[in-house]
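K.L.:
Okay, here's the structure, questions in a sec.
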Amino acid sequence: MILTDRDDVFHGTPARARVVVGNACGTPLTLLAALADHAERAGGVTLTAGLLFGDPPLEAAIRSGGLSLRSWHVHGALRSLHREGLIDYLPLRLLDVPDTVLRGADIALIRVGPPDADGYCSLGPSTSFAAEAAEHAALVIAEVSPDVPRTRGSSSVHVSRIDRFVRSETPMAEYAPAQPDPVSRTVARNVVELLPEGATVQLGIGSVTEGLAEELAPIAAARSLGLLGLVTTPMIPLVEAVTASGRGPVRAVELMGGPPFMAWADDNAMIEMCSSQQLHHPAVLAGVPTLVSVNSAVAVDLRGQVVSESVGGAVIAGVGGSADFSEGAHLSPGGLRVIALRSTTRNGVSTIVPAHQPADAVTAPHHSVDAVVTEHGVAWLRGRTSRERRRELIAVAAPEHREALEGAS
């Protein structure tokens, strides 16, 4: 492995290069900083990215026009740049990243650990599409850091597939989990009541779903529960309970946390890392009996349509894997598709709404949700008419908003 100087890493790269970058805690912050500097000098660079952690310093290059950014998961500082119209949102489910993004990339930027004795570098916490990016791109650049855990499963790239290595100048990007409050915990307890015996649960991120992980850990063994999808710090006790009861290892595409979490994940046999094609594909998930997909939302209207990506037209997230897991749960024998959310925002605005704002795209259509859960109970939508759905959803809205919802046309 020969290291390239950071300032020279993009020397000789094609004009108007199309670049794709690693995800979440696999965000290569050193390479993104170098790319921003290169884009300001050379211009014409297009970066396509998903969930970027660590707020990489891209703003100056974007404002100068040297760097165009397309994001399928708008996060952190990118949200304000999107509101200004400086970056483009790419509505994209994670399953479609290889065909839609990777096949057209000139350069792939990834973060890896040092090679082992056989020349394999670990991708560590993020395997959703990084290995495939390295397969498709003409030029693969990796930043190398010893803080990347050596995870098990489909989580490595051979040095022969990497064209340039740069020493990382920054620690791994971290994920700080949301802290569940009493309301979120009540929502989580209501979800628990829905779960069939022997269910395999897929959890998104957020205070409700991560609170649900804490609620499930003490009962996982008794109810023979499984887990798949992603793992965050609050899910550690659940992973340990699931594997202790014989339902492991837990298959995941992303591990999200800080240094203690990554130390726990290092060479941990309880976790099997997968690509999105191996884990997200509905045809694969259909083979998982009683798969229950639990995801959060911004708002649900009285027809059962779900908005998860934006607030008032301002994009705050992305489709991610929610559509993939929802379809998989639909095809799974005994599966369920659950949306779990607080009945009001922190400011008291109802999240059960008569209709969504025109500027907001519907993430999940009304026919693809089985149940909506708030702190006030469960609205069962599967097999219900439009009138019955309306009644069910008003019943789980905040009491102070129910009269207005009843009167809405």
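K.L.:
Using unit Cβ charges (K, R positive; D, E negative) and no other charged atoms, how large, in debye to the nearest 20, is the dipole of the chain about its Cα centre?
P.N.:
Charge dipole, the chain, about its Cα centre: 900 debye, nearest 20.
K.L.:
Which whole-number percentage describes the relative contact order of the range 182-407, with Cα contacts under 8 Å and a sequence gap of 6 or more?
P.N.:
19 percent
K.L.:
Between helix 29-42 and the chain, what is the angle of the helix's C-alpha long axis to the longest principal axis, kept within 0 to 90° and rounded to the nearest 10?
P.N.:
70 degrees
K.L.:
Continuing with the same structure: Helix 386-395 versus the longest principal axis of the chain: what angle, 0 to 90°, nearest 10, using Cα atoms?
P.N.:
So the helix axis and the longest Cα principal axis differ by about 90 degrees.
K.L.:
Shifting gears a bit: Can you tell me the order of 220-227, 104-111, 2-9 when each peptide is scored by its average per-residue count of other Cβ atoms within 10 angstrom, highest first?
P.N.:
104-111, 220-227, 2-9
K.L.:
Now, a different point. So what's the gap between the Cα centers of the range 117-184 and the range 390-409, to the nearest angstrom?
P.N.:
Centre-to-centre distance over Cα atoms comes out at 46 Å.
K.L.:
For the range 141-293, what Kirkwood radius comes out of the mean inverse Cα-Cα distance, in Å?
P.N.:
16.5 Å
K.L.:
Right, another one. Averaging sequence separations of C-alpha pairs under 8 Å and six or more residues apart, then dividing by the length of the chain, give the relative contact order as a whole percent.
P.N.:
This gives 14 percent for the chain.
K.L.:
May I ask for the equivalent-ellipsoid semi-axes of the chain, computed as the square root of five times each C-alpha gyration tensor eigenvalue and listed largest first in whole Å?
P.N.:
Over the Cα atoms of the chain, the semi-axes work out to 37, 25, 17 Å.
K.L.:
Among 67-76, 348-357, 318-327, how do they line up by average Cβ neighbours within 10 Å per residue, starting with the highest?
P.N.:
Working: 67-76: 21.3, 348-357: 16.5, 318-327: 24.8.
In decreasing order of mean packing, 67-76, 348-357, 318-327 become 318-327, 67-76, 348-357.
K.L.:
How large is the helix-only mean residue ellipticity at 222 nm for the chain, computed as the sum of -39500 (n - 2.57) over DSSP H runs with n ≥ 4, divided by its residue count, in deg cm²/dmol to the nearest 500?
P.N.:
Taking each H run of at least 4 residues, the total per residue is -7000 deg cm²/dmol.
K.L.:
If you count, for each residue, the other Cβ atoms within 10 Å and average over each peptide, how do 170-183, 197-210 line up from highest to lowest?
P.N.:
Packing proxy ranking, top to bottom: 197-210, 170-183.
K.L.:
Now for a different question. Given Cα pairs under 8 Å that are at least 6 residues apart, what percent is the relative contact order of the range 246-316?
P.N.:
Over the range 246-316, the number comes to 22 percent.
K.L.:
Here's something else I'd like to know. Say the dipole of the range 246-362 comes from +1 at the beta carbon of Lys and Arg and -1 at that of Asp and Glu; which of Gly321, Val306, Gly246 then lies farthest toward its positive end?
P.N.:
Of Gly321, Val306, Gly246, it is Val306.
Just so you know, all these numbers are worked out from the coordinates, no wet-lab data involved. All values reported here derive from a predicted model rather than from experimental measurement. Glycine also receives a Cβ, built like all others from the backbone with ideal geometry; neighbour counts cover every protein chain displayed.
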